[in-house]
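Visitor: Mind having a look at this structure? Questions to follow.
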Amino acid sequence: QGLKPLIPTESPDLIFGTSKLAPGLPAADHYLGTNKVPDLQKVFQRSDGLPVHLKLGYPDRLLYRTTMALTIGGTIYCLVALFIASQPKKQ
């Protein structure tokens, strides 16, 4: 029986290391679509004074304002809860 080597003597078959298409499958070009990276680079590199997280317009502003409202509301809620909890109880 003995000890088995820790490192396999044969290299395993590559799973994704082939440039050939699998037989019977359609070409992958149909699923890829267009490359949107150059368009997004133009949008995000525009020097219009806006921070990156607001460059895509209305949806970004809506998410930013919602996040800020929840953050400020949560902070106020916590401060009020701490104030109420710190008051001495009347008997």
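Read-outs throughout are calculated quantities, based only on the coordinates presented, and are distinct from any laboratory measurement. Because the structure is a prediction, the values reported are computed rather than measured. As a convention, Cβ positions derive from the backbone with ideal geometry for all residues, glycine included, and neighbour counts pool all protein chains shown.
Visitor: Going through region 34-73, which trypsin sites (Lys or Arg not before Pro) have at most 12 other Cβ atoms within 10 Å and a DSSP loop state?
Guide: The qualifying sites are Lys36, Arg46.
Visitor: Continuing with the same structure: Grab the beta carbon distance between Tyr58 and Leu6, set R0 = 41 Å, and tell me the FRET efficiency rounded to 0.05.
Guide: Efficiency, rounded to the nearest 0.05: 0.10.
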